[in-house]
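Got a structure for you, written out below as structure tokens; questions coming shortly.
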Amino acid sequence: MADLPREHLKVCPPFTYVVFDVFGPWSVVTRRTRGGQAESKRWAMMFSCLSSRAVHIELIESKDTSSCINALRCFFTVRGPAKELQSDCGTDFIGASKELEMDNTVQGYLSKQGCSWNFRPPHASHMGDSWERMIGVARRILDSMLLQQKSRLTHEVLSMLMVEITVIINARPLLPASTDPHQPFILSPATLPTQKSGVPPPPGDFTDKDVFTKQWRQVQALANQFWARWSREYLPSLQQRQKRTVTRRNLQVGDLFLLRDNWTVCNYWPMAILTATFPGKDGHVRKVEVKTTDQGDTRTFLGPVAEVVLLLPKD
């Protein structure tokens, strides 16, 4: 394998070296008419920091030069000027770049900002590693969610939904900061730019019925749907999937884990430490006992190895 790209190892402020992609579109209601509702399309630009792994999403109304410059301007205003932008050369983005008319207008704007725009080689999506996975999972979940929605989304609802999705993605764990189960602290991309642990979920229970009520409850209901899909589809990507033809290391007491819990609340990643193992007749561990701490309350769980994700072996 090639060495890790230098942009991943630079000691620099967040969002200095950025990769981005355009995905969508989705239909939103723009105005009501006598004959029904007029609709238009919206796209989204996802910016991903190569050093902190944090993401930033901007909603755009069209894939033209003006919308592109507006999205870049909003991104630079909120996150600060970037030194280098990167994007892939996939078929979809090459088509979008032609519609974006990335000519002297856009390149001139970036030059004034002290920023360069570089394309990665074509047919090399594996070079995108982390940011390709973030965009791929988010795009797949959003497309399936919004295509199934019977209620009509407005621009405000879709814009706020993108903010909630940004919070959810940036709350994912990067690596454990402490092996002490009494002081569990998950280092997330949101911690690096904000120096804070994260944004707590809004109070109240939100169900699928709230999609047809007030706009703020509609946003939270959709955010909960995204969280349910995200936590279920992102966690397996942290585990290596391969055929069971090679003997793997058994889980050992002292290993550090993330719990895969269907009842976990939004933006909460419970970390646990392995306290006991229960090998089968063949000597392989398939049942474990773990201990976790939540606000000073220590609890013990017993379950299969499929419900835990190994973060840090004890050795």
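The values are calculated or read from the model by the stated rules, or taken from the named source; none is laboratory data. The structure presented is a predicted model; accordingly, all values stated were derived computationally and were not measured. Backbone-built Cβ (ideal geometry, glycine too); neighbour counts: all protein chains shown.
Within segment 10-32, is there a residue that is basic (Lys, Arg), modelled with pLDDT of 85 or more and outside any helix (DSSP H, G or I)?
No.
So which residues in segment 259-275 are surrounded by fewer than 19 Cβ atoms within 10 Å (Cβ to Cβ), touching a Phe, Trp or Tyr at 6+ places or on another chain (Cβ under 9 Å) and either at pLDDT 75 or above or basic (Lys, Arg) (or both)?
Once the filter is applied, which keeps residues that are surrounded by fewer than 19 Cβ atoms within 10 Å (Cβ to Cβ), touching a Phe, Trp or Tyr at 6+ places or on another chain (Cβ under 9 Å) and either at pLDDT 75 or above or basic (Lys, Arg) (or both), segment 259-275 yields only Leu259.
How many residues does segment 273-315 hold that are within 14 Å of Arg249 (Cβ to Cβ) and either in a loop (DSSP other than H, G, I, E, B) or among the basic types (Lys, Arg) (or both)?
Counting residues in segment 273-315 that are within 14 Å of Arg249 (Cβ to Cβ) and either in a loop (DSSP other than H, G, I, E, B) or among the basic types (Lys, Arg) (or both) gives 6.
Another one. Could you please let me know if Phe47 is crowded, with 21+ Cβ neighbours inside 10 Å, modelled with pLDDT of 90 or more and hydrophobic (A, V, I, L, M, F, W, C)?
Criteria met by Phe47.
Each row is one residue, and each column tells you yes or no for (1) touching a helix residue (DSSP H, G or I) at 6+ places or on another chain (Cβ under 8 Å); (2) modelled with pLDDT of 75 or more.
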| residue | (1), (2) |
| --- | --- |
| Trp131 | no, no |
| Gly136 | no, yes |
| Thr154 | yes, yes |
| Ile168 | yes, yes |
| Asp205 | no, no |
| Phe212 | yes, no |
| Arg232 | no, yes |
